[in-house]
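Read through the structure below, which is laid out as structure tokens, and then see the notes.
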Amino acid sequence: MLKMSERTEIFVDIMSETATAAASEKIKFEEAFTLHHRTVFRAARSVVQDAGLAEDVTQETFLRLYNNLGSITDEQMLRPWLIRVAINVARNTIRGNIRANTRDENYVKETGTYEAASIETDYEEQAGVNEIVRALNKIKEPLRSCLLLKQQGLSYKEIAASLELNETSIGTYIARARQEFSRFYGKIGKDTI
């Protein structure tokens, strides 16, 4: 007959084997989705304040879970991991939306689409654009490309990489291109008057 301490040791051994088997068993995606979808959605909605965006964030969160399923071995850490990922994705979504809205607002401000354009205004704008294009066409390469890329917001490093030029010479190219543009643009304006 087994003594009490031996029974306890056997019970502990059986329980530890069961726990080890459960821990080594991989987390199943369908189970995780079913169990945690509402929690992830609520966490996302609390950040983005919009049900549609929250659903997008939830989908992105579970997509990341699917791609990283092998790295999550502890089922107890799954829920906190999902919530943390959902909050981070939601914050990134908000940042992206703010940037997009800012770009749209800046575009509207720069283009002045508030006023109704008349035929004369359109003609004058087109004539101005044509003068700029003619002046730019008179600037030799790679100066023209450097100037255009800089006006589009690229850094010297990005310009150098895209045009396969030395990064230290980009500043000089841009300065020369601006001088030439000023010279040609002034001539074109005088020739048309």
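General observations
- Ile188 surrounded by 13 or more Cβ atoms within 10 Å (Cβ to Cβ), over 30 Å from Arg42 (Cβ atoms), modelled with pLDDT of 85 or more and not small (Gly, Ala, Ser): no
- Options Glu60, Glu30: the member that is touching a helix residue (DSSP H, G or I) at 6+ places or on another chain (Cβ under 8 Å) and assigned to a helix (DSSP H, G or I): Glu60
The values are calculated or read from the model by the stated rules, or taken from the named source; none is laboratory data. Since the structure is predicted, the reported quantities are computational estimates derived from the model, not experimental observations. Cβ atoms come from the backbone with ideal geometry, glycine included; neighbour counts cover every protein chain shown.
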